[in-house]
1. Would you kindly calculate the translational diffusion coefficient of the chain, applying Stokes-Einstein with the Kirkwood radius from alpha carbon pairs, for 20 °C and a viscosity of 1.002 mPa s, and quote it in µm² s⁻¹ without decimals?
2. For the stretch 35-125, what are Rg and Dmax over the alpha carbons, in angstrom?
3. Report relative contact order for the chain in percent, whole number only (criteria: Cα-Cα under 8 Å, sequence separation at least 6).
4. Calculate the tail of P(r) for the stretch 47-189: the fraction of all Cα-Cα distances greater than 25 Å, expressed in %.
5. Plugging the Kirkwood radius over Cα pairs into Stokes-Einstein for the stretch 248-386, at a temperature of 4 °C and a viscosity of 1.567 mPa s, what D comes out in µm²/s?
6. Would you kindly state how much longer the chain becomes between ARG166 and SER368 on full extension, computed as 0.36 nm times their sequence separation minus their alpha carbon distance, in nm to one decimal?
7. Could you pull the Cα extents of the stretch 104-155 along its three principal axes, largest to smallest, in whole Å?
8. Taking a quarter of the surface of the convex hull around the Cα atoms of the stretch 203-276, what do you get in nm²?
Amino acid sequence: MRRSIVLLLLVLATSVSAQDIPFYTSDFPPAEFAARRAAIYEALGGGVAVLQGAPMPAAYVRFRQSNDFYYLTGIEVPRAYLLLDGERRTSTLYLPHRNESRERAEGKSLSAEDAEMVKKLSGIENVASPETLGEHLARYAMSGRVLFTPFQAAEGGAMSRDLATRVIADGAADPWDGAPSREGRFLALIRERFPQFEFRNLSPALDKARLIKSPREMALIRKATQLSSEALLEAMRSTVPGLMESELDAVAKFVYYRNGAQGDAYYSLIASGANAIMPHYNAGKRAMKDGELLLMDYAPDVGYYMSDVTRMWPVNGTFNAWQRELYGFYVAVYRAILQHIRPGVTAATIKSEAVADMDRILAGSHFSKPIYETAAREFVESYRKSPGRLGHWVGMATHDVGSDDGPLRSGMVFTIEPALRVPEESIYIRLEDVIFITDTGAEIVTGSLPMDMDAIEAIMKNEGMLQRYPRVR
């Protein structure tokens, strides 16, 4: 009888916990998350910090944790909270209670009842349920501790802070909405319940920590960049006149998901002809025409890390005279920028050196129309007059967080994306490459993805995926 009872308990336990999915990320060890939390402890001094994780999505889509919460914990559970004690240098993770009926339908999720397992998996010292967070905050409030929490909008799937901020602003400007951000509501609740706290913004410390990437982070960005490059190559092979822009989106998504991506880094920017003049055109509803250029800017989300890559090519597979003229000039000056990027110097220095090369390229160029020459000169002048950033950071967000105008240093990851415009003819030319700054130089991670016209034309002679899989009639 005793043996039967033990066997039954083992079977029941196995039925609850056994499933062929991991409960915790394998992309980073607990020690790396601990090191990230240690950097935040330094910023807190004797203060405490509280972060809220992402809520359950209001749609039949897979849950994706917000970036800052994942960055510090690796935990992918909806409605989790994290408390960091800068004085004791310990953390407490607050997880919802187990929902057994939901687990039977969707699979097991980590909960407050799994405290010992969570501590073992994540390395986080304490695990509790959300209703205890108020009690813990009350104790810190009475002791006169400073409370840090992020003031900036949380980034979710396919989201950068600039877009998250725009969404909040649009809601605030809507007279029939006007709701505060989720971060704003959270902060207001804490202020109302614990006015004793002195509140400070945690976002700058998180942004600073996220700016410099670890080798494991760079490996995930490299994988996302590789998949973006493969998708662009397949799109080149598949492009023919009459194709819908959205069909190339489908090609890229197949490449991404076939190779383990968990989603899009951002919506696909696939713009043929005059649509490219709108840098974030994303409707994808136009049929491509013979004689046009096509711009494709698209990348995946691989393990919470993004990329951002752009290439252009002729819809019919052959660059015509004006395309060769303008695109050829653009590639030459674009490479002038890439070749000067290196650690230990500022963006202003790199731009100054690149402009000297651009002046020589411009002096040796000939244009068939005055408006083309004007556009080329304005491109060079824009670089001469704007000594700021080269592009934007890339990491957990496509337009990643962080502010640093000093010399480039190892672990920085960014893109360049200068644009050449001929507004009179609605011509827009832009490439974009991902750059890793290392101890010894700059690695152009997208360096194997062709940008030369002859190489692109050779690729486009090959049959693409869409030719092998015609539309359903």
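1. D, rounded to a whole number, is 86 µm²/s.
2. Radius of gyration, then largest Cα-Cα span, for the stretch 35-125: 14.0, 44 Å.
3. 13
4. Tail of P(r) above 25 Å: 33 percent of Cα pairs.
5. 75
6. Result: 68.6 nm gained on full extension.
7. If we take the Cα atoms of the stretch 104-155, the spans are 43, 27, 21 Å.
8. Result: 6.7 nm².
The values are calculated or read from the model by the stated rules, or taken from the named source; none is laboratory data. Model, not experiment: these values are computed from the prediction. Heads up, the Cβs are rebuilt from the backbone with ideal geometry, glycines too, and the neighbour counts pull from every protein chain shown. To get the accessible areas, we keep the full protein, side chains included, count just its heavy atoms, and leave off ligands, DNA and RNA. Shrake-Rupley method; radii C 1.70, N 1.55, O 1.52, S 1.80 Å.
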